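A short worksheet on the structure shown next.
The values are calculated or read from the model by the stated rules, or taken from the named source; none is laboratory data. In this text, all values refer to a predicted model and were calculated from it rather than measured experimentally. Note that we place each Cβ from the backbone using ideal geometry, even for glycine, and neighbour counts take in every protein chain shown.
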Amino acid sequence: MQMLMRGLIAAVLLLCYSSAQAAVVSVALAADFAAPMERLALLFQKESGHTLKVTSGASGKLVTQIKGGAAFDVFLSADEERPKQLMLDGLAVGGLRFVYATGRLVLWSAQPGLVDDKGVVLNKGGFDKLAIANPVYSPYGVATKETLTKLTMWNAMQRKLDKNDDVALAYQLAASEKAELAFVALSQVMRDGKVAAGSWWLVPPELHNPIRQSAVLLAGAKEVAAAKAFLEFLKSAKAKAVMRGYGYEFS
């Protein structure tokens, strides 16, 4: 009986110790990365015991929140420039920034057969609305503007553009067919390496600058050890395998 009681006490103490060590990491997350983050958060929790509290949105708007004092531990941007600037401003920790993935831009429609595999639909017309992320706030919006500019279509397309704060809103418009077309992140329409619905054109990388998505530890982080553990987890082969399933690439 005494041995049983000792075992129970040891188990309770271990559980209490584990709970005390677990932390909640607050992550400011670029909207394109929301779907893979759901899987990554579960894997990270299973491996570390830590949980993630995620706030997603346009990278530019998240920076505004960070500058306003929002209590985030980690920032996952869809570009390199904003995390670099946060470091220069003393709002992110120097030496810990890294590119966690390279994103891909896709022209997508919920309607099967509407988008061809070369994007000729943009020249043909036959659509009223093209949803995009606003280049002011979103790196995917910047890539969209660069693409349409290379195709000499940016100015001509203005009357059809529906500019949204982030790619999540652009995707929602196309998914609900309030817009026939949308430029979105490949990660929003791909699962396990396949685009399962609608029609799409994977934008050739030479039409825009690489979407090099960068992670950084914020200077105001409260859960520093757990946040660093999460950043290391993002570099792991297991995490990269998940990201590849959503169309992300690695150099």
Which listed residue is in contact with a strand residue (DSSP E or B) (Cβ under 8 Å, 6 or more places away or on another chain), surrounded by 18 or more Cβ atoms within 10 Å (Cβ to Cβ), in contact (Cβ under 8 Å) with a residue 24 or more places away in the chain and among the basic types (K, R), from K235, K163, K228: K163
V120 being free of Cβ contacts under 8 Å to residues at least 24 places away in the same chain, of a type in the set (A, V, I, L, M, F, W, C), closer than 25 Å to Y246 by Cα and in the same structural domain as Y171 (by TED's automatic domain parsing): yes
Residue, farthest from the chain's Cα centre (by Cα), within segment 185-196, restricted to residues that are more than 21 Å from V120 (Cβ to Cβ) and not in a helix (DSSP H, G or I): A196
Output for segment 199-225, where each listed residue is of a type in the set (V, I, T) and either under 17 Å from A78 (Cβ atoms) or crowded, with 21+ Cβ neighbours inside 10 Å (or both): V203, I211, V216
Those residues of segment 116-144 which are over 15 Å from S59 (Cβ atoms) and part of a helix (DSSP H, G or I), in sequence order: V121, L122, N123, K124
Criterion (of a type in the set (D, E), modelled with pLDDT of 95 or more and over 24 Å from E249 (Cα atoms)) met by exactly one of E177, E206: E177
The lone exception for E80 - which of (1) modelled with pLDDT under 95; (2) surrounded by 15 or more Cβ atoms within 10 Å (Cβ to Cβ); (3) among the charged types (D, E, K, R) it fails: (1)
